[in-house]
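**Q** Take a look at the following structure, please.
Every number here is computed from the coordinates shown, using simple stated rules; none is lab data. Quick caveat, the model's predicted, so the values are computed rather than measured. Positions of Cβ are backbone-derived with ideal geometry, glycine not excepted, and every protein chain shown enters the neighbour counts.
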Amino acid sequence: MSRPWAVSILATVTKIRSRDDSHVQDRRGQGGGGGVSFPGLGGGGGGLPFPTKAGGGLLGIIVLLAAVFLPKLLGGQSAVDTGNDNSIEAGGGEACQTDLEQTLCGAERSAQTFWTEQLPASFNTEYRVTDMVFFSGGTNTGCGAASSQTGPFYCPVDEFVYFDLEFLQQLQEQFEAQGDLAAQYIVAHEFGHHVQNVLGTSGQVQQQEQANPDLANEYSVALELQADCYAGVWANSEKDRFDSPGEIEEAINAAEAVGDDRIQQRTEGRIDPESFTHGTSAQRAMWFRQGFSTGDPRRCNTFAEMSLG
């Protein structure tokens, strides 16, 4: 039986590592940012009340791993031109030196290489290569100012994926969230949101949320579960590089750890299904497995499965 808040007890190391930082921005130590003012996040205009101090001050980190900026953040804006040339080239590696950095950089490079090939094949759509941003304390984004308490997230306006590595290190050390694939699942999930943005899924969901506000949470859940499924599809493409057959369980346990039901039970002592925005632990694990077992992003239609059209 898996422990509710431990992603993995016996950590493994994947071969999915890289020192390539050609699409990694290192903003650590640069300051910027500030309070969190994004719609959809606790204290910022709705959403779940994400605590910042509980369980040793780190429970909020676990909770915030599930916080991904939804299309409503676009506010009617289209994604900006990031100046990317849709190519993957090797960088100098200055931002990808430590074990954790190489783990995240490996997942970034692998995921973007995969989607560059897969998106045209599956959806006849060209993938837009984007950047992953390392920051500490806070940073300014196309979606506004973000603090380290926001956790990993994707901003659909500038199309960047953001990570505060110090939070991930604390997560590994104090919640036994160890193993490369646990952290790489998070990277793949966030790039799954970028895929949704490129395909126009995010914009369609935003329109449906505005047209059917009573179903906004259900659309949010479907969007998050699809990103989990896309993460599973990516993991399938790299399964030959896993060190052991059981390694995929690290990613599945990570998906379960950020289910709405587990978060609410731990933080509030009760479960309120009507307030779910990311899906239950069982749903997140199920859709990751769906992507991993099929290897087909077209089998990730969580909206049809949830009767949302």
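**Q** Check residue 160: other-chain or 5+ apart residues with amide H under 5 Å from its amide H, H built from backbone geometry?
**A** 155
**Q** Taking the Cα-to-Cβ direction at residue 210 and at residue 166 and moving 7 Å from each Cα, how far apart do the two end points lie in nm?
**A** Distance between label points: 3.8 nm.
**Q** Separate question: What is the distance, in nm, between label points placed 7 Å from the Cα along the Cα-to-Cβ direction at residue 140 and at residue 126?
**A** Result for the modelled spin labels: 3.0 nm.
**Q** Translational diffusion coefficient of region 178-309 at 4 °C, 1.567 mPa s, Stokes-Einstein with Kirkwood Rh over Cα pairs, in µm²/s as a whole number. Present the calculation step by step, with values, prior to reporting the outcome.
**A** Details: Rh = 15.0 Å.
In µm²/s, the coefficient rounds to 87.
**Q** At what distance in nm do the modelled label points of residue 275 and residue 244 sit from each other, each positioned 7 Å from its Cα along Cα→Cβ?
**A** In this crude label model, residue 275 to residue 244 measures out at 3.8 nm.
**Q** Further question: Let a ≥ b ≥ c be the square roots of the eigenvalues of the Cα gyration tensor of region 120-255; is it rounded (a/c under 1.5), or, if not, prolate (a/b larger than b/c) or oblate?
**A** Details: a/c = 1.64, a/b = 1.21, b/c = 1.35.
Since a/c reaches 1.5 but b/c is at least a/b, the shape of region 120-255 is classed as oblate.
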